[in-house]
Amino acid sequence: MPRPLTSNERDLIAFILGQHSPLQVDLDLVEEMNDGGMGSLRFVGTADRRFGRCIGEAEFDDADGVPVSVALNADQHGMLFELDVWKVDFSPLQRIAALSELRSPNAGRRSP
């Protein structure tokens with residue numbers, strides 16, 4: 001059943017988009033994906049859409065301290081397609097972190 005994004009979901013998407021070039025963005029409605037409760041969302045659109053490319057990523061720690069990886073994907077037309085959320089222990093997501101808790105992948109890590 002389609003629903004609007006929550007404010008934390010919007011902040012997460014804005015955080016990821018802020019790191020990358022502008023896209024065509026339609027944030028009206030999303031549907032929760034069947035991912036075991038990890039929080040992945042698909043943006044409502046036409047039926048013939050398919051994955052095009054990953055446009056950005058973010059990370060945060062869930063309320064239980066387990067790391068969460070997020071990828072924002074576009075469809076073949078450059079429209080937002082999925083917010084792919086993966087909790088590293090595959091347990092259900094407890095929350096989407098606040099904007100202040102989001103980080104870019106590899107932030108603070110040194111290259112070899």
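Can you give the charge dipole size of the chain about its Cα centre, rounded to the nearest 20 debye, using +1 on the beta carbon of Lys and Arg and -1 on the beta carbon of Asp and Glu?
Details: 11 positive and 18 negative charges, 67 e Å.
Value, rounded to 20: 320 debye.
Averaged per residue, what accessible surface does the chain expose to a 1.4 Å probe, in Å²? Walk me through the numbers before you get to the answer.
On the way: 6480 Å² over 112 residues.
That works out to 58 Å² per residue.
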| Cα pair count fraction exceeding 25 Å, expressed as % - the chain | 18
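Work out, step by step, the length gained on full extension between THR6 and GLU31: first 0.36 nm times the residue separation, then minus their alpha carbon distance; give nm to one decimal. Walk me through the intermediate numbers first.
Values: separation 25, 0.36 × 25 = 9.00 nm, distance 1.20 nm.
Computed gain between THR6 and GLU31 is 7.8 nm.
Let me check against my output: what whole-number percent is the relative contact order of the chain, with C-alpha pairs under 8 Å and at least 6 apart?
On the way: 217 pairs, mean separation 31.6, N = 112.
Here the relative contact order equals 28 percent.
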| query | How would SER7, SER40, SER100, SER69 rank on accessible area, largest to smallest, probe 1.4 Å? | reply | SER100, SER7, SER69, SER40
| request: Report, in degrees rounded to the nearest 10, the 0 to 90 angle that the Cα long axis of helix 7-17 makes with the longest principal axis of the chain. | output: 90
| said: Of TRP86, SER40, ASN73, which is farthest towards the positive pole of the chain's charge dipole, taken about the Cα centre with +1 and -1 on the beta-carbons of Lys, Arg and Asp, Glu respectively? | reply: ASN73
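Roughly speaking, to the nearest percent, how much of the chain's 1.4 Å accessible area is carbon and sulfur?
Values: 3380 of 6480 Å².
C and S fraction of accessible area: 52 percent.
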| message | Springs between alpha-carbon pairs under 10 angstrom, Gaussian network model over the chain: which of ASP35, ASP64, ASP84 fluctuates most? | response | ASP64
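The values are calculated or read from the model by the stated rules, or taken from the named source; none is laboratory data. Here the structure is a predicted model, which is why all the values come from computation and not from measurement. Don't worry about glycine lacking a Cβ; one is built from the backbone with ideal geometry, like all the others, and counts go over all protein chains shown. These area figures cover heavy atoms from the full protein model, side chains too; ligands, DNA and RNA do not enter into them. Shrake-Rupley method; radii C 1.70, N 1.55, O 1.52, S 1.80 Å.
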